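One structure below.
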Amino acid sequence: MKDYLVIYEQGPDGAWGAHSPDIEGVYALGASRAEVERRMAEALAAHLAHLRARGESVPEPHTEAGRVAA
């Protein structure tokens, strides 16, 4: 199992979105942060299983994040 960076963003309507810069095309939406975290974990797992089942390579995690005070 690999750890992928996931970006969580809350929209102006309060809904949440998530994506991983390391895995193109996998996104999740949810009404709460907890819901979008669960949905993103499910979406990533399903996508990676699909890649493996087709014999395709699974991308390596390569993105890092940090914060800078300004």
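Restricting attention to region 10-70, which GluC sites (Glu not before Pro) occupy a DSSP loop and are surrounded by at most 12 other Cβ atoms within 10 Å?
Hits after loop and neighbour filter: Glu24, Glu56, Glu64.
Cα axis of helix 33-53 to longest principal axis of the chain: angle in degrees, 0 to 90, nearest 10?
Rounded to the nearest ten degrees, it is 20.
Most mobile of Val36, Val26, Val58 per a Gaussian network model of the chain (Cα springs, under 10 Å)?
Val58
Using a 10 angstrom Cβ neighbour count of at most 11 plus a DSSP loop assignment to flag exposed trypsin sites (Lys or Arg not before Pro), which longest range of the chain is free of such sites?
Formally, the longest exposed-site-free interval is 3-53.
Could you go through region 22-32 in sequence order and give the Karplus-derived ³J(HN,Hα) for each residue, using 6.51 cos²θ - 1.76 cosθ + 1.60 with θ = phi - 60°, rounded to whole Hz, and x for Gly and Pro?
Ordered by residue, 3J(HN,Hα) equals 7, 10, 5, x, 10, 9, 8, 10, x, 6, 9 Hz.
Once label points are set 7 Å from the Cα along Cα→Cβ at both Ala15 and Ala70, what is their separation, rounded to one decimal in nm?
Roughly 2.9 nm, to one decimal.
Relative contact order (percent) for region 7-53, with alpha-carbon contacts under 8 angstrom and 6 or more residues of separation? Mind dumping the intermediate values first?
On the way: 60 pairs, mean separation 12.6, N = 47.
Relative contact order for region 7-53 comes out at 27 percent.
Please report, in whole Å³, the volume per residue of the convex hull around the C-alpha atoms of the chain.
104
Describe numerically, in nm with one decimal, the distance between label points set 7 Å from Cα along Cα→Cβ at Ala53 and at Glu37.
A separation of 2.8 nm, rounded to one decimal place.
Quick one: length gained pulling Tyr8 to His62 fully straight, 0.36 nm per residue minus the C-alpha distance?
Values: separation 54, 0.36 × 54 = 19.44 nm, distance 1.75 nm.
17.7 nm is the gain from fully extending Tyr8 to His62.
A short reminder: the numbers here are calculations on the coordinates, not readings from a lab. Note that the coordinates shown come from a computational prediction; the quantities given were computed from them, not determined experimentally. Cβ sites come from the backbone with ideal geometry, for glycine too, and all protein chains shown count toward neighbours.
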